[in-house]
Amino acid sequence: MKFTLSWLKEHLETEASLAEILETLTDLGLEVEDVSDPDATLGPFRTCRVIEASQHPNADRLRVCRVEVWAGPDGPTEEVQVICGAPNARTGMIGVFAPPGTHIPGTGVDLKPGVIRGVESNGMLCSERELQVSDDHEGIIELPADTPLGVKYIDLIGANDPMIYIKITPNRPDALGVAGIARDLAARGLGSVITPATEAVPGAYASPIGVRLMPDVADKACPVFYGRHIRGVKNGPSPRWLQQRLQAIGLRPISALVDMTNYLTYDRARPLHVFDADKVSGDIHVRLGKEGEEVLALDGKTYALDAEMVAICDDAGVEGLGGVMGGEETGCTEETTSVFIECAYFDQIRTATTGRKLKINSDARYRFERGVDPEFIPEGLELATRMVLDLCGGEPSEVVVAGAIPDTARSYPLDPVRVESLVGMEIARPEQVRILESLGFTPEDAGARLNVGVPPWRPDVQGEADLVEEIARVASLTKLEGRPMTRTSSGVTRPVLTPMQRRTATLRRTIAALGFNECVTYSFIDRATAALFDGADDRALENPISSEMSHMRPDLLPGLLAAASRNQARGFADLALFEIGPAFAGGEPGEQAVQATGLRTGASGPRSPHGTHRPIDLYDAKADVEAALAAIGVDTGRLMVRREAPGWFHPGRSAILSLGPKNVLAAFGKLHPRILEAMEVKGPAVAFTIQVEAPPMPRAKGATRPALQVSDFQAVERDFAFVVDAGVEADNILRAARAADKALIARADVFDLFEGAKAEAQLGAGRKSVAITVRLEPQTATLTDAEIDAVAAKVVAAVEKATGATLRS
């Protein structure tokens, strides 16, 4: 948003300096991006009088000028000699002088005293192009004889007007007009608003052009449209003050009718459009566009419309794009003698969408997509009418209206005490009321609270927090003072992580410590991969970002397998990857669960002469999953091992771990060859999947771990070798052994397995030998031989009963 200082002072009566205004604008949230001050570049150039101009003795085209210069209107005079090559340099003329040391903006030269063809020259008589006032370089500037001498040239021509460029955030459409900026500065106390009131212009006749809103736009896209016909106008160049104002902000003056619309766009944040009424066929009607329609816009380009764009039409076709740009066919020219002024309201989102599709960045779009004041439409039309009459003359018709102004009235409760708690500084209630009223809000007492009405030009204010923000920025956040935090309690602060968050963090650290590298993969997979992992179409996305991400993942393994395949293709065979994240059992809310999944491929370690290099197997996966479960407090000795793993695991080399028959905690094992082939992963590959939310939370509520309990008495270990049928699982033997005496038996583990042809030759067909070690830990006294033998007998009896085993001799 650009404007000049004099423009601002038409809306703000203030004695503040330019520096104070700039600092206040930034403090109010209207950050100053740039300032262009003509006095800094053209201030040294002052009016002067040529006492005598004579021919240069050594050059035909040069003249030696004796110039009388002033230090100021009332200052002392001084005579200097200047060599000038302008054909209009003559005795007695009034011109513009630049003393030595001055930078000439038109040429980029810094003046220095010099000698030209043997004659001294101390300064310069300037042309308009050298001062960048215009492109005229036929001669030096020649001013009227009654021009005061010694004054700044920019003051004389009214160009000493700094241009201010401020950044506007998308939530401040009211600051896209100079009047809105003046309102903010006045609220801070930098002056008072003097924006003149708008007087209604009576209509002299009925408008020959009517307006209609079609049903497809009347509800929201264009709810209201005001128009007015003016006949007998005379278009031409706009007055100098208007041209200078537009040029200062980077706009090119075109004609009085066009410049008027640009001026009101920046002055009041009110975009308008003026039709050449004689070129309008029939009435103006507003509707949505149609596929295949085109419009020649004011920028000289032809744009294709679609069914989402607002089209402003007459009986001949489309004449403009609502909220974006008018059409060339009905544009105003020097021959225009009657006009029709449009002042309407267009939907923000539809305007922004149209501008993006057509790549049109206009001042109108910039304001409509941020939100203009809908209640200012009648006044905006009256302002435009008055400017047309003042600049071009003419006779106005009565106003024609279609639709109704949208109702934006709303109010929010505001607790004055809440302001201090949110902002951090004390702002008295009367001051809060004053700030809100000066910004156009309407606060009303409602007991301890205020009920604050929001003005229509502030669509960004949507609640109490926004009201607090308005008060804080006007009061100035620079007044905040650092204060020590109030101590509310003693001791350590309470933990903020939930038990599930702590469990997830523990799993992440534990699995990483086992040698895994963490991955983060997409939550979506393709249809074929989803089918491999029992992913039904109820998890298909309605609007996938690509064909390879069409389904929500039923498990984390697809992403890890895809990562393993990419790594193997690049020569990394031995991998250990894991991920913790959501998997989806269905497509409805709540049908998801957090999993921790690990994948190993290749060998268990690097090549070694000591025999540590071997292919991974399901026992690696079992060790990983048990270590992870133990880290989050699961007693792995109580878990049931069942052969019910999901279908993507090898059916004979996988299992699940559960607490009881229903609460499944994890699955582990080798992956099915069919899955590895489909995912292009070279085996061997093992994996585990932990259902993170399945293990019950610990009952203890304490913040610390319980004390470590270690027996003071000697532990005893006894070995047993049992002969069992080849189909008996070692886990059944261990469970029976542990249950023989729960008070004394701390653990039982398998340490030897003898099976195969040699075993059957010694033990009998279909038989094998499983050797276990049982650890006894007494708590009250050292065990005697008799007590140890008694426990051993219980172990043998329990295993024989559970599995039909016999003790190997």
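The values are calculated or read from the model by the stated rules, or taken from the named source; none is laboratory data. Small disclaimer: the values here were computed from a predicted structure and weren't measured. So basically every Cβ, Gly included, is an ideal-geometry build from the backbone, and we count neighbours across all protein chains shown. Only protein heavy atoms, including side chains, enter the accessible area calculation; ligands, DNA and RNA are left aside. Shrake-Rupley method; radii C 1.70, N 1.55, O 1.52, S 1.80 Å.
Summary of computed values
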item: For the stretch 397-505: relative contact order, % (alpha-carbon pairs under 8 angstrom, 6 or more apart); result: 28 percent
item: Label-point separation in nm, ALA790 to ARG502, each point 7 Å along Cα→Cβ; result: 4.2 nm
item: Gyration tensor (alpha-carbon) shape descriptor, the stretch 611-688, a/c threshold 1.5; result: oblate
item: For the stretch 497-532 and the stretch 223-291, distance of Cα centres in Å; result: 61 Å
item: Förster radius 35 Å - calculated FRET efficiency between LEU156 and ARG386, Cβ distance, rounded to 0.05; result: 0.70
item: Protection proxy ranking of 339-348, 85-94 - average other beta-carbon atoms within 10 Å, highest first; result: 339-348, 85-94
item: Estimated dipole of the stretch 267-405 in Debye, rounded to 20 [Cβ of Lys and Arg +1, of Asp and Glu -1, Cα centre]; result: 740 debye
item: Extension reserve of the LYS662-ALA743 stretch, reckoned as 0.36 nm per residue once the Cα distance is removed; result: 26.4 nm
item: Degrees, to the nearest 10: 377-392 long Cα axis against longest axis of the chain; result: 30 degrees
item: Per residue accessible area in Å² of the chain, where ligands, DNA and RNA are left out and the probe is 1.4 Å; result: 51 Å²
item: Estimated 222 nm signal from helices in the chain, with DSSP H stretches of n ≥ 4 weighted -39500 (n - 2.57), rounded to 500; result: -7500 deg cm²/dmol
item: Gyration tensor verdict on the stretch 88-235 (Cα atoms; rounded if a/c is under 1.5, prolate if a/b is larger than b/c, oblate otherwise); result: prolate
item: Acute angle (nearest 10 degrees) that the helix 256-268 long axis makes with the longest principal axis of the chain, alpha-carbon atoms; result: 50 degrees
item: Pairs beyond 21 Å (Cα-Cα), from LYS768/LYS801; LYS290/LYS357; LYS742/LYS768; LYS662/LYS768; LYS742/LYS801; result: LYS742/LYS768; LYS662/LYS768
item: Backbone HN-Hα couplings from phi across the stretch 548-564 [Karplus 6.51/-1.76/1.60, Hz, Gly and Pro as x]; result: 8, 9, 9, 10, 6, 6, x, 7, 7, 4, x, x, 5, 5, 5, 5, 5
item: Added length on full extension, which subtracts the Cα-Cα distance from 0.36 nm per residue, LYS682 to TYR619; result: 20.8 nm
item: Cα shape, the stretch 496-596, gyration tensor, a/c 1.5 rule; result: oblate
item: Whole-Hz couplings from phi, Karplus 6.51/-1.76/1.60, listed for the stretch 150-158; x for Gly and Pro; result: x, 8, 5, 5, 5, 6, 5, 9, x
item: 17 Å reach of a label modelled at ALA726, 7 Å along Cα-to-Cβ, counting backbone N of the stretch 743-775; result: 753-770
item: Alpha carbon centroid spacing (whole Å) that separates the stretch 102-122 from the stretch 580-642; result: 85 Å
item: Sequence-separation-based contact order of the chain, relative, with Cα cut under 8 Å and 6+ spacing, percent; result: 8 percent
item: Projected label distance in nm at ALA765 and ASP445, using a 7 Å step from Cα toward the beta-carbon; result: 10.7 nm
item: Gap separating the Cα centres of the stretch 459-473 and the stretch 721-775, nearest whole Å; result: 75 Å
item: Which of VAL681, ALA707, ASN732, positive extreme of dipole for the stretch 650-740 (C-beta unit charges); result: ALA707
item: Burial order of peptide ranges 59-65, 266-272 (average beta-carbon count within 10 Å, highest first); result: 266-272, 59-65
item: Antiparallel content of DSSP bridges confined to the chain, in %, to 5; result: 95 percent
item: Selection from VAL69, ALA627, LEU467, by position along the positive dipole direction of the chain (Cβ); result: ALA627
item: FRET efficiency, ALA304 to TYR522 (Cβ-Cβ, R0 35 Å, nearest 0.05); result: 0.45
item: From phi via Karplus (6.51, -1.76, 1.60), per-residue ³J(HN,Hα) for the stretch 38-46 in Hz, x at Gly/Pro; result: x, 5, 6, 9, 10, x, x, 7, 10
item: Read-out log10 I(q)/I(0) by the Debye sum over Cα atoms at q = 0.06 Å⁻¹, derived from the coordinates shown; its label in (i) -0.65; (ii) -0.72; (iii) -0.41; result: (ii)
item: Sulfur and carbon atoms: percent of accessible area, the stretch 243-319 [1.4 Å]; result: 44 percent
item: Tilt relative to the chain, helix 499-513 - C-alpha long axis, 0 to 90 degrees, to 10; result: 70 degrees
item: Spin-label model distance (nm) - ARG642 vs GLU591, 7 Å beyond Cα toward Cβ; result: 2.3 nm
item: Residues of type aspartates and glutamates that LYS9 reaches as a straight line, Cα spacing below 15 Å, ignoring anything fewer than 8 places off in the same chain; result: GLU20, ASP161, ASP184, ASP267
item: Unit charges on C-beta of K, R, D, E only; dipole of the stretch 491-584, Debye; result: 580 debye
item: Cα lying deepest toward the dipole's positive end in the chain, options VAL423, GLY652, PRO99, charges on Cβ; result: GLY652
item: Test item: Cα-centred dipole of the chain, Lys/Arg +1 and Asp/Glu -1 on Cβ, debye; result: 4220 debye
item: Percentage relative contact order, the stretch 142-277, counting C-alpha pairs under 8 Å, at least six apart; result: 24 percent
